[in-house]
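Presented below is the structure to which this report refers.
The values are calculated or read from the model by the stated rules, or taken from the named source; none is laboratory data. For clarity, every value in this text was computed on a predicted model and none was experimentally measured. Ideal geometry is used to build each Cβ from the backbone, glycine not excepted, and the neighbour counts take in all protein chains shown. The protein model used for the area step is the full one, side chains on, heavy atoms only, and it has no ligands, DNA or RNA in it. Shrake-Rupley method; radii C 1.70, N 1.55, O 1.52, S 1.80 Å.
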Amino acid sequence: MNEKKRKKWKTTIQKRLDQLERMTKSILIVGDSGVGKTSFVDKYCYNIFNKKHFATIAINESEKDSYKLYDYPGEDKYDFITNINEAKLDSINVAIVMYELNNKTSYKNVEMWTELVHEIKKKIPIIIVGNKKDIYRQNRKIFNKSLEISVKNNYNIDILFREINKLINIE
């Protein structure tokens with residue numbers, strides 16, 4: 001292959017890779033430890049639901065279809081800004097702030113997580129999601145304008161992705 005053809009081929013391949021990169025939509029998922037972020041990613045990407053809670057110790061990156069999901073460890077809320085990779089941040093299209101419907105502390109921390117996300121990326125759309133709808137408790141907390149889901153039972157997951165698509169303008 002001569003040099004001219006090689007350059008043209010390389011340019012064509014790079015353009016296609018760039019197109020694919022733009023088609024992939026990146027979602028950052030944050031919230032307190034134990035609210036179901038990793039379970040959400042595992043259920044969506046691999047159709048696996050683990051009843052046991054294992055704390056995420058680093059940013060967990062998974063892909064399915066045209067979505068790239070970044071599951072951020074809830075234990076690291078104080079190091080959030082310093083731990084997130086700038087290159088990954090630039091590609092984030094939407095953030096999910098997840099809390100547990102039956103956990104007052106995670107409910108109270110929604111605003112803190114929202115502020116942290118906006119500190120690192122000002123104009124990112126955020127969806128607030130209350131997880132574990134399948135566990136009924138009388139005094140559960142529902143954040144204004146949040147979407148209630150159950151990762152375990154796949155409840156409202158399709159609606160969540162419709163909302164994500166609206167926010168990032170794909171229909």
Please compute the net charge surrounding LYS51, taking Lys and Arg as +1 and Asp and Glu as -1 over other residues with Cβ under 14 Å from its Cβ. +2
Long-range HN-HN contacts of LYS133 with modeled amide H, under 5 Å: ILE149, SER150, VAL151
How do LYS68, LYS123 rank by accessible surface area computed with a 1.4 Å probe, from largest to smallest? LYS123, LYS68
Mind listing the long-range amide H neighbours of MET98? Cut-off is under 5 Å, sequence gap 5 or more, other chains count too, H placed in the peptide plane at 1.01 Å from N. VAL30, GLY31, VAL129
